[in-house]
Amino acid sequence: MEYVSTFVNTINGIVWGPLMLVLILGTGAYLMLGLKLMPLLNIGTAFRLMMKGRKSGNDEGEISPFQALMTSLSATIGTGNIAGVATAIALGGPGALFWMWCTALVGMATKYAEAVCAVHYREQDAEGNFSGGPMYYIKNGLSPKWRWLGACFALFGAMAGFGIGNTVQANSVADAMQGAFGVPVWLSALVMFVGVASVILGGVKRVANVAGFLVPFMAVTYLLLGVAILLMNLSALPAVISLVLDSAFNGTAAVGGFAGAGVAAAIRFGVARGIFSNEAGLGSAPIAHAAAKTNSPVRQGMIAMLGTFIDTILVCSVTGFVILLSGAWQTGESGAALSTVAFESLIPGGHYIVALGLAIFAFTTMLGWSYYSERCVVYFFGPSGVMPFRVAWVLAIPLGAMANLGFIWLLADTLNALMAIPNLIALILLSPVVFKLTKGELALVKSSS
């Protein structure tokens, strides 16, 4: 086992190394320039489309455009928004937050292109279910010689889900509930087992209905609590913003329990944790957007790009500012423990906010990722693979809640990167299609918003 762990750790260092970060940022920047900054210039239009997308029209699909966004957000708004931000700051200093923002801004173009391709190249099976995502836009958009790349994505996606989208999340919830409320691990495991089973066994429509309620509720509640803390410390906020910008370009000196970090560390951990949080480039979110009731790839793409904006620019920023305002980043703590210390120091009962937020975020992540991995399984086995997969997914939850997941964290992180490589290659090759569709539809979509 030690040799396996060493091997996976070596692969992880390669796939999450500088070349991968350059590939992800480079692809996003290339798409943003090719789209002539369209995602940044049309955020307001995208929000209007999102609100109109709350109602299902008569277009082909299974869930409303809004529900598709909420399903993708259910998977992305998770431990990365609480533990991931804290880890980025603990290892890369305050400047890591700035590079998370940069990752999100170019990531909006990536997420837009993913959803455009997902809707344009999706398939419908004999039972009326829609399937899409990188494996399908590789299969249907590129020549047959690229099909192996789609199969690689589907394989990595099916496997990665059981790690980052299931057992790791269950473990985080169990730890948080035990630490904050003294809830036994077995009880948390049982509640998650029953809760997730009752949702995912009903298929994507039930997942979308639950996500459509829980995601806005949890995101808005967390944002309001965070903003309230920021307003209580408004006078200190300009200094925090100045610290973030200065550290992004000059590094951070050692202070308190913080060991210090250079600019390279700020970029590395800011970009890596930003991607972990919003998943732009991983190819997961377009699987959900492919099920939307829409005949306009561009309209769904504009709605999809809001996922990155909401996840990182809004939710992650609140967590980051609270951590920096509290000064807890200087204590040497990291991960969820750092967020807990930060919230608790600024507001009574802050550790309960973090624990409940982490629990709800992780629960919805299990729902969203169940659909992602299910569609990857369907790519290989068709509809017959759905029920065996759902049963296996539910059974993995209590195992994850009660196990030591150090190796699973490492393996899942590695598989996430391996998912991104086929997806990014496909997006670059299909970029002319994205640009052409955008040019043809954008004016019509904007006029209908």
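Across the range 378-396, not a single residue is classified as under 18 Å from the mean Cα position of the chain (by Cα) and either modelled with pLDDT of 90 or more or in a helix (DSSP H, G or I) (or both). If you filter the range 401-417 down to residues that are part of a helix (DSSP H, G or I) and open to solvent by 40 Å² or more (accessible area, probe 1.4 Å), you find that the one that is modelled with the lowest pLDDT is G406. Checking the conditions here, which among W186, W148 is open to solvent by 20 Å² or more (accessible area, probe 1.4 Å), out of contact with any Asp or Glu (no Cβ under 8 Å at 6 or more places or on another chain) and in contact (Cβ under 8 Å) with a residue 12 or more places away in the chain? Matching residue, one of W186, W148: W186.
Checking the range 422-441 against the condition returns no match, with no residue being under 18 Å from T167 (Cα atoms), without any contact (Cβ under 8 Å) to a residue 40 or more places away in the chain and assigned to a helix (DSSP H, G or I). Can you find, within the range 299-345, the residue that is modelled with the lowest pLDDT among those that are of a type in the set (S, T, Y) and open to solvent by 20 Å² or more (accessible area, probe 1.4 Å)? Per the stated criteria, the residue is S334. Only one entry in G226, G161, G195, G165 is in contact with a Cys (Cβ under 8 Å, 6 or more places away or on another chain) and open to solvent by less than 30 Å² (accessible area, probe 1.4 Å), namely G161. So is W393 surrounded by fewer than 18 Cβ atoms within 10 Å (Cβ to Cβ), in contact (Cβ under 8 Å) with a residue 24 or more places away in the chain and not acidic (D, E) or not? No. Restricting S370, S447 to those that are of a type outside the set (A, V, I, L, M) and under 22 Å from the mean Cα position of the chain (by Cα) reduces the list to S370.
Among the residues making up the range 201-252, those that are at pLDDT below 90 and either in contact with a strand residue (DSSP E or B) (Cβ under 8 Å, 6 or more places away or on another chain) or of a type in the set (V, I, T) (or both) are V204, K205, V207, A208, V210, V215, V220, T221, G251, T252.
The values are calculated or read from the model by the stated rules, or taken from the named source; none is laboratory data. Just so you know, these numbers come straight off a predicted model, no measurement behind them. Quick reminder, even Gly has a Cβ in these numbers, built from the backbone with ideal geometry, and neighbours come from all protein chains shown. Each accessible area value is taken on the protein alone, full model and side chains, heavy atoms only, with ligands, DNA and RNA left out. Shrake-Rupley method; radii C 1.70, N 1.55, O 1.52, S 1.80 Å.
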